[in-house]
Amino acid sequence: MSERARWVDWEIEQVAAHFQVDLERGLSDKEAKDRLKQIGPNQLAEGEKASWLSLFIEQFKDFMVLVLLVATLISGLLGEYTDAIAIIAIVLLNALLGFIQEVRAEKSLSALKKLSAPTAKVLREGAWVQVNAVELVPGDVIRLESGDRIPADIRFVKAEGLYVEESALTGESVAVTKQSARLPQAEVPLGDRKNMGYMGTMVVRGNGLGVVVHTGMSTEMGRIAHLLESTETMDTPLKRRLEQLGKVLIMVALLLTALVVFTGILHGQDAYKMFLAGVSLAVAAIPEGLPAIVTIALALGVQRMIKRQAIVRKLPSVETLGCATVICSDKTGTLTQNKMTVTHIWSEGKLIRVSGSGYVPEGEFQLAGERVAVEKWPGLRRLLEVAALCNNAQLLQKTEKNGLIKKKEAWMIHGDPTEGALLVAAAKAGLDKESLVAEWTRVKEIPFDSERKMMSVILSRRGGGSMLFCKGAPDVLLGRCTHLLEQGRKVLLTDAKREQILRQNEELASMALRNLAFAYRDLDVQSASLKEWQYEQQLVFVGLAGLIDPPRTEVKEAIRVCKQAGIKTVMITGDHQTTAVAIARELGIKRAQGLTLTGQDLYNMSDAEFYKKVNEVDVYARVSPEHKLRIVKALQQAGHVVAMTGDGVNDAPAIKAADIGIAMGITGTDVSKEASSLILADDNFSTIVSAVEEGRNIYENIRKFISYLLASNVGEILIMFLAMLAGFPLPLVPIQILWVNLVTDGLPAMALGIDPAEENTMVRSPRNPRESVFARGVGWKIVTRGLLIGACSLLAFWVTYMEAPDDLVRAQTVAFATLVFSQLVYVFDCRSQGTIFQRTPSDNIPLVLAVLSSALLLLAVIYYAPLQPVFHTVPLGLREWILVLVTSTLPVILAGILDLLRPMANRAKRLVHSS
Ligand SMILES: Nc1ncnc2c1ncn2[C@@H]1O[C@H](COP(=O)(O)OP(=O)(O)OP(=O)(O)O)[C@@H](O)[C@H]1O
Ligand SMILES: [Ca+2]
């Protein structure tokens, strides 16, 4: 134990020396690389993955395939070599196809996992950079903020109001406070090592710095969790439902096959031939590949989503996305650009305009159009001092490598954009942080969180004395102020003054500005005994700042699309009500009669009251994260499928509870990301809307190939069944049945899975999550098309057979060709919920190619002499081809006519139901 615990009673300098790291600069890139090579990546070992071979063998586990293999083996032994070999070849080909599909799905899923892999903020060569957590090495200096998952075992170097929840390790769910100072002795249990942080535990409040002491399997986590569960399941509700459906379909297919065999034998067919045909039919007709294709369609769709900046963490959410009826979105950074600029300052009763734009620290302070000198205005100066010092952001000038950087882009900020904007404003007055820091030393920080809506620092002045600087939401901060700074003097804050400040705050907020208030207090010797919660009291109010945060340009359109698609957008923000409403109006979220509720309103409302109103609310303002959970619940109770965004630690419960929990890729905390099912790589609201569109499309594509595959299967069974019933000879031989199955299950079905969205995808209202996959015409399509395909193929067979009853092979070839071609025509019919003519083939080139190659393969099987005996085919003449082409397009034409009758059928059904 002492070997592991030894860091606990060391001084920080000792730890740094041990790891040969300069705490101000971090490791050099080279050193970090060397250590990584030596020690290995910072990750826990994963469990065994399924090998490729076992994945391949998996493809044969299907019962009917085994029966088929055995049956062919027997026929091989009986001397039917060509048949046996051909059948086995096709079964192998089928397995290969399934195998390739599965490998592909797996690959794209592991790529996904990488995308959402955790990162760490690490100091390398004097600069803070973001790296993948696996690249951390002992000696790295890392920064942690509330919501971060600690990426390795660390010794804290700095801790500001830091609380860490270590239940992953200790089982204790109450967060413990952390410190940087050494402990008197080393031998303390894990839970009491207050200056250590452990991999996998979670920062719930405050911030800190740490030196990495153990990585990967040498961490405490590595010691207990020897293996990480490796493969995430790819199960989704739809897949599960399809698997259940699959079982039913297997039964049906087997039953029908048995029926076919039985009828055939009754009509004097050869029992052995019938058996082989039956088994082949069963193999072809059982849609065992359905769940696999669903996974592929999901995986491919997920890849398209990534291109549109939406990273799916949980596959089932892809399906749910298409059902979303409400999207609850954060305001700052999601609906707005999160590029803030201070435009107004209110100090000592005067409203000052600040000119300039972006992060360039150039601009003027103007009062009624006249430039004001900040030096002559003590209140304004103090305000900017507080703004710059009660601040964790950094304003940086990009080093100009070439002269190409435009001035506007030459400046950037690190950290919270709100705080960055304040730094810029202070810099415009000539107060840059560096010179201020020379005068003021930070002693302590009471961090910001969205619950408190304020933040403070305690500073000691070089000349002596110390002060508390505080900034926060005006309405909150004002409650803690007792005094006011006026003409450089501290005066009592009267109720009238309070009123005035709040009025001013309202006025700024109605201009869609995000407001902050600033205050300070002198700390004398007595205040040394104050408890933390006692610091932020009896403050002296200094003034307000109004920050503009323009809406993202694309959001307005995205919200319009949502409306059209039957999805309601709701804004949930920690910001002030008036600000929120102003922006919500601008974006079209707020309807004329829509309600706005504040966190306070929610607090005063019973669940029953809230539930009654929830559908009318467009904007929730000044809410705390905890309210989000209540909002999700109420919406769900009202029957909504809810998508909810969030970024902080405290948003995690709501994200988890939502049907689609959405985290922010840029500003989101690890904890919120882990709780989410979708991550927005660009934090942008419009990305949610794209994801919804993709979600709907993926689901529709799945329905498309279900209708394709099942109708094809119905057709295959039907032609055999009807032929047996009518006492005809076998219209198809086993190898042909298997071939049809291979050619249709293969490329065309896959190409349907990547079909681009139909134009009306975002005009329809959301689908009911309980809706069956067969709803909205799919079931109808399967039945009508299936029946017609079977009947027409049989018709072609019958016509040819009647003409030349002793040339059975010719009739079989015609039936074979008709079946394949009618499916290849039908595949285009599957692309639209309307008629086949609603879409042009040119927008799915892969499908056209797939169909062409399937057609060519068929021609090869018919015309390439060596294959003719294998597939029992003969070359066809012009007359036969005309017959094939007519009978294979007939189903779609007839079905189109049937479709016209469908509304009538529905109406009749409703009439029957209502009477
Ligand atoms: N760094 C900060 N220091 C002090 N106060 C802050 C800081 N950032 C925000 N505030 C204040 O706290 C309020 C709530 O902030 P919070 O981050 O919870 O929500 P938001 O960012 O305004 O909106 P959203 O929830 O839409 O992202 C803000 O309106 C602001 O007045
Ligand atoms: Ca926020």
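The values are calculated or read from the model by the stated rules, or taken from the named source; none is laboratory data. The structure displayed is predicted, hence computed values, not measured ones. Here the Cβ positions follow ideal geometry from the backbone for every residue, glycine too, while neighbour counts run over all protein chains shown.
Figures for the structure shown
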quantity: Some residue of the range 298-308 being crowded, with 22+ Cβ neighbours inside 10 Å, in a helix (DSSP H, G or I) and more than 13 Å from the chain's Cα centre (by Cα); calculated: no
quantity: Scope the range 859-915; condition of a type in the set (Val, Ile, Thr), touching a helix residue (DSSP H, G or I) at 6+ places or on another chain (Cβ under 6 Å) and closer than 22 Å to THR784 by Cβ; matching residues; calculated: VAL884, THR887, THR889, VAL892
quantity: Given (1) touching a Lys or Arg at 6+ places or on another chain (Cβ under 9 Å); (2) surrounded by fewer than 24 Cβ atoms within 10 Å (Cβ to Cβ), number of the condition CYS830 does not satisfy; calculated: (2)
quantity: Filter result for the condition that a residue is buried (at least 23 other Cβ atoms within 10 Å of the Cβ), at pLDDT 90 or above and charged (D, E, K, R), over LYS628, LYS633; calculated: LYS628
quantity: Those residues of the range 808-843 which are outside any helix (DSSP H, G or I) and in contact (Cβ under 8 Å) with a residue 40 or more places away in the chain, in sequence order; calculated: CYS830, ARG831, SER832, GLN833, THR835, ARG839
quantity: The range 844-877, subset without any contact (Cβ under 8 Å) to a residue 12 or more places away in the chain and part of a loop (DSSP other than H, G, I, E, B), residue surrounded by the fewest Cβ atoms within 10 Å (Cβ to Cβ); calculated: GLY877
quantity: Scan of the range 808-826 for residues that are closer than 15 Å to LEU788 by Cβ and of a type in the set (Phe, Trp, Tyr), ordered by number; calculated: PHE821, TYR826
quantity: Residues satisfying the stated conditions in the range 657-672, i.e. of a type outside the set (Ser, Thr, Tyr) and in a loop (DSSP other than H, G, I, E, B); calculated: ALA658, ASP659, GLY665, ILE666, GLY668
quantity: Filtered residues of the range 830-850 (kept if out of contact with any Pro (no Cβ under 7 Å at 6 or more places or on another chain) and closer than 21 Å to VAL763 by Cα); calculated: CYS830, ARG831, SER832, GLN833, GLY834, THR835, ILE836, PHE837, GLN838, ARG839, THR840
quantity: Matching option when the condition is of a type outside the set (Asp, Glu), without any contact (Cβ under 8 Å) to a residue 24 or more places away in the chain and away from ligand 1 (no atom under 16 Å from the Cβ), among ALA592, ALA652, ALA634; calculated: ALA592
quantity: Matching residues, the range 355-378, being over 47 Å from the mean Cα position of the chain (by Cα) and either within 11 Å of ALA425 (Cβ to Cβ) or surrounded by fewer than 21 Cβ atoms within 10 Å (Cβ to Cβ) (or both); calculated: LEU367, ALA368, GLY369, GLU370, ARG371, VAL372, ALA373, VAL374, GLU375, LYS376, PRO378
quantity: Among the residues listed as ALA473, ALA438, the single one being at pLDDT 95 or above and of a type in the set (A, V, I, L, M, F, W, C); calculated: ALA473
quantity: Among residues of the range 539-597, those that are away from ligand 2 (no atom under 16 Å from the Cβ) and of a type in the set (Ser, Thr, Tyr), counted; calculated: 4
quantity: Sole residue being without any contact (Cβ under 8 Å) to a residue 24 or more places away in the chain, more than 16 Å from ligand 2 (Cβ to nearest atom) and buried (at least 18 other Cβ atoms within 10 Å of the Cβ), chosen from ASP601, ASP618; calculated: ASP601
quantity: Wholly enclosed helices (runs of 4 or more DSSP H) of the range 673-757 bearing at least 3 residues within 28 Å of GLY333 (Cα to Cα) and hydroxyl-bearing (Ser, Thr, Tyr); calculated: 685-725
quantity: Residues of the range 86-99 satisfying the condition of being surrounded by 14 or more Cβ atoms within 10 Å (Cβ to Cβ) and over 12 Å from LEU69 (Cβ atoms); calculated: ALA86, LEU93, LEU97, GLY98, PHE99
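Residues checked against (1) more than 16 Å from ligand 1 (Cβ to nearest atom); (2) of a type in the set (A, V, I, L, M, F, W, C); (3) buried (at least 24 other Cβ atoms within 10 Å of the Cβ); (4) under 22 Å from SER676 (Cα atoms):
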residue: LYS314; (1), (2), (3), (4): yes, no, no, yes
residue: LEU321; (1), (2), (3), (4): yes, yes, yes, yes
residue: VAL326; (1), (2), (3), (4): yes, yes, yes, yes
residue: THR332; (1), (2), (3), (4): no, no, no, yes
residue: MET340; (1), (2), (3), (4): no, yes, yes, no
residue: HIS344; (1), (2), (3), (4): no, no, no, no
residue: GLU348; (1), (2), (3), (4): yes, no, no, no
residue: ARG353; (1), (2), (3), (4): yes, no, no, no
